[in-house]
Every structure is written in structure tokens, then in C-alpha cells.
Amino acid sequence: MRPYLEQARKADLLPDPMARCLAWPEIPGAQWPDGLVEAHCDNEYAPRLTLDELDKHLREGSIATLEARLGADLERHYADEGFSEIIHAHFFDIGGGVEAGRLTQAWIEAAPESPFAHVARGHWNRGMARMARGGKWASKTPRENFERMHAYGDAAIASYERALELEPRLTEAHAGIIGVANLGGREDAMRNAVRQARELAPACRAWGHPLMVALEPRWGGSYPQMAQFAATLKPFIADRPMAALVAAMPQVALANQLYRAEKWSEAEAVAREATRHTTHIAPYYDAGVAILRQDSGNRWEALMYLLGESRFPPGNAYAARQRGHLIWDLTGDVEWAGISIERAVELEPENGLGQWLLGGIRATQGRVDEAEAAYLEAMRDPEQRRSALTNLSSLLIMEDEIPRAARYVRTLTTEYPDHGWGWFYNALVVIDRKGGTFSPDDEEVMAAFDKFEQTADPGDPDQLRQVQALRDSHRRMREMMDEADAEMEVRAGKR
């Protein structure tokens, strides 16, 4: 475990995504196929087409240059030496939406005989079909949404078929057809696409992955069907290591089914076994979170799996929050924890817990302005508001920025009048307003401290210690004042 964590930390701190991916350590006991790491990292992090780059080609009239690049990468897909599946990655950024729609239509107009342009247009229509479908149950989805979904799906299929007329080897189009079929219906189109793709590239992940999804029990398939398809891929893994990602999907899907059923110990066991054979991030998430959901779960092991989840995009915000919190809590390594927490906020900026954690990280690093900004975001979440106000007030007071803290303290005591820390900080604000000193005879200050003592949480050891410290301080100050008074009386008597 220790060597893994040390290597993971070194890799995580690398600024280059490809270098980070390649340097990432294996899970202890892993039996990953030779070449899988390199192929998977290349697929995710090698340079690929982006919407901005496509826009640039269109504006500059250099579509022919793009076509040549894509054509060369298609040849690599069928090469014995220098094989790569990067041709598929060029289409990762193309989904639904206005900008993708504009650019793919312009590509078609600029290069009407380009199979790549037609695949891109198919992906846009497929993305729009998914957007029309939405994520609600069928019973809660308006009929017109389904009508739009089918219309976009028909357009997508037409684009993919045109791409295959122009370039029959472009399995990205077969994958697109399978993806559209997964939205419902079109079984004949799926069967034809699978047959053609299998003849061309029997171990291609691009079409194998959506087919495996279609074979999952929750979509009408079965684990025996998934296992049967996986068996057809295994003979090719030595030459096409990315096929291992698809071959492991029966285990990956079973682990996720158990996870969704909240059968934590069973989900953990299946997910752990899956991670020994695949770099697919899903079982790493399921194993890590399933461990945390068990009272007997080993938090160090949970961290190990959640670190594995972070190797490839897109990542999961919940996993990143848990990972960052574990790193911070178990190791105290603020720099390392900050990487995961920043990622969590990037993925879900509206999540209050993520912003609260980021505020804590920035406060620990002494980056006060950034901590304040994060805590202000966290305050939008009712569940994090009191804690964020408390932490921010404490931070500003510790940084000797008490006037800056005053408004947060005022909000804290107003909204949470039974929260002890608010009244403690309020007393410090009052003292600061009076020049930084006070005596036990100062009624306003003593009233503020009394309010803190009355509202201090008996279940919070820190508050109880502070109450005791204040009592001891008051007692010593009273004793010193009494001694001073006595000495003055003695001196007066001598005179």
C-alpha cells in the first residue's frame, strides 16, 4: 500500500496529463495486459481534434489538412506496427449543442465527400437525440421529446450510413449506429453495424463498448451474453490491449449493479477483482466508495481505489471530494489533497461541500482571499453555511483581519444564535473595537464571553477547552487586579 501511495503522489503532482497517466502505479496484484496502460493513456491524452481546432480549420480553409491527419490515423487503426485507436478520440468532443451543430454543418458544406464530416454530423444528431430524451423516466417524459429523439436518431443513422458508403472501414460510424440503437429500437441497424464492425475490427473498443452496454441486464441483455461477447475479444488482447477494457465489462457492470443496490461488501469484492484486470475507472470508484460505506472499511484502501479512479477522464466529483478529504485527513498533505479538491470543484462548482473543502485547503495554504471566495460559495449551500461562516470568521481573526471578519461574525450570531463559536468570535470583535485590551470590569466584553459560555456545545471539546481557558484567564486577571488593589492600599497606608 505505501509504495503505491508514494508513487501515486509523485504521478499526481506531474503537470503533464500524459506523463501523469503513464507514471501512475498499478494496483497491487494487478494483471493488466501488456500495452494496456500505454494504449489507454494514448487514447485519452494524445493530441486530438477539438471544437476550437475544427473551427480554426474551417475559418482558415485548411480542412484538407485535417482530412489528411484523420486519414493517417485511420490507417494506424489497421496497421500491424504503430497501431492506435486515436482515430476515435478525434470525435470525443462532438456531441449535441449549438456550437457543435454549427461546426459539423460547416464541415459537411466544406467537405461533402468526407466520411469524417458525416460521422461528426452523426454524433451531433446522436447528441441532440440524447438531449431530447433527457434523463427522466419514460412515464415522465413528454411524447414530443420522444418524437424529437427519433427524428434526430434517424438523421444520425443517415449520416453514419453515408460515412460508411464513403469509407467502409470507419468503425466510429458503426459505433455511432450502435449508440443510437441503444436509445431504443433500430435492432436491425444495430445487428448490421455489429456484423460489419466485427468483420473489420473484431477487437475495436469503439463499437465493442456500446455493444456491451446494450447487453447489460438493465437494458434487456444478460451477464451470460456479456460474458459470451467478452470471450470473443480475449484472443485479440495481446495485439489489441484496449479490448481488455471491453472484455472486463461483465465484472464492471456486475460491480456497479451491486453498488447501486447498496450491497456494499459484495460490490467491493467484485469491483476489487475487476480492477486487477482493467484500467477502466468505474470499478475503482465502486470499490473505493463501497469500502467507505462500510463501518469496517479500510480508509487507506478506499483512498487507493479512489486514486485509481482519478487516472482517466472525466472523473467523478463525489469521488474527487472523498479522495481529497482522505488525503488531507490521513496524510496531512495539503498540496496533494488540493489537486483532488480543485478537480471536484471544477466538475461541480455548485457543490457546497467541495467549495468548503477548497476553502479549508486555501486557508491552510495561507491564501486568504481565495479561501474567502471559496467559503462564500460554500455559504450558498444551507448544509455548509454555518460551518463556512465559522471557518471564515476564524481564519480572518487568526490573520489579524478582525474588522474584515466582523460582518461574517455578525451574520453568524444573527442566523445561528445558539452557535457558541459565533459568540466567542463576537467577543474578540468587541475587544478589537476597544483597542485590543479589556478588563474583567468591562461589561460588554464579559457579556459576550458569558454568551459564549452559555451557548458552547458540550459535545465539542475545543469549545469546552476554550470555555475553561477563559475562566482561568478571568480568574488570573481578577487575582492580579485584586493583588494590585491590595498593594495600592498598603502603599496608601504607609503614606
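The numbers here are math on the coordinates, done by the rules we state, and not lab data. All values reported here derive from a predicted model rather than from experimental measurement. Heads up, the Cβs are rebuilt from the backbone with ideal geometry, glycines too, and the neighbour counts pull from every protein chain shown.
Between 0 and 90 degrees, the angle of helix 382-398 with respect to the longest Cα principal axis of the chain falls at about 50 degrees. In terms of surrounding Cβ atoms within a 10 Å radius of their Cβ, E167, E6, E399 rank from fewest to most as E6, E399, E167.
Each label was represented as a point 7 Å from its Cα along the Cα-to-Cβ direction; for A486 and Y223 these points are 8.2 nm apart.
Here the dipole of region 31-217 is about 940 debye; that uses its Cα centre as origin and unit charges on the Cβ of Lys and Arg (positive) and Asp and Glu (negative). Counting neighbouring Cβ atoms within 10 Å and putting the fewest first, the residues V213, V345 line up as V213, V345. The helix-only estimate of mean residue ellipticity at 222 nm for the chain, built from DSSP H runs of length n ≥ 4 each weighted as -39500 (n - 2.57), is -23000 deg cm²/dmol after division by the residue total. Net length available on complete extension from R299 to R471 is 58.0 nm, with 0.36 nm assigned per residue and the Cα-Cα distance removed.
With pairing defined as another cysteine C-beta under 4.7 Å, the cysteines of the chain that fail it are C204. Counting Lys and Arg as +1 and Asp and Glu as -1 over every other residue whose Cβ lies under 13 Å from the Cβ of A203, the net charge comes to +1. The angle between the Cα long axis of helix 51-60 and the longest principal axis of the Cα atoms of the chain comes to about 60 degrees, rounded to the nearest 10.
For the pair region 330-354 and region 184-202, the centres of their Cα atoms are 42 angstrom apart. For the chain, taking Cα atoms only, Rg and Dmax work out to 30.6, 117 Å respectively. Within the straight-line cut-off of under 29 Å between alpha carbons, the lysines reachable from K140 are K263, sequence neighbours fewer than 8 places apart in one chain being disregarded. Mean separation of Cα pairs under 8 Å and 6 or more residues apart, divided by the residue count, gives region 31-217 a relative contact order of 16 percent.
When S84, S222 are sorted by how many other C-beta atoms sit within 10 angstrom of their C-beta, beginning with the fewest, the order is S222, S84. Using the Karplus relation 6.51 cos²θ - 1.76 cosθ + 1.60 with θ = phi - 60°, the per-residue 3J(HN,Hα) values for region 335-340 come to 4, 5, 4, x, 4, 6 Hz, with x marking Gly and Pro.
Estimated at 0.36 nm per residue, the fully extended path between K263 and A72 surpasses their Cα-Cα distance by 64.0 nm. Helix 264-275 and the longest principal axis of the Cα set of the chain meet at an angle near 50°. Across region 31-217 the C-alpha pair distances fall into 10 Å bins from zero in the proportions 9, 36, 36, 16, 3, 0 percent.
On the beta carbon distance between E199 and D462, with R0 = 45 Å, the FRET formula returns roughly 0.05.
R272 sits among other residues whose Cβ lies under 15 Å from its own Cβ, and their net charge, with Lys and Arg +1 and Asp and Glu -1, is -4.
For K136 and M18, the difference between the fully extended length at 0.36 nm per residue and the C-alpha to C-alpha distance is 38.8 nm.
Quick check: the distance between the Cα centres of region 123-157 and region 258-308, to the nearest angstrom? Taking the Cα centre of region 258-308 as reference, the centre of region 123-157 is 33 Å away.
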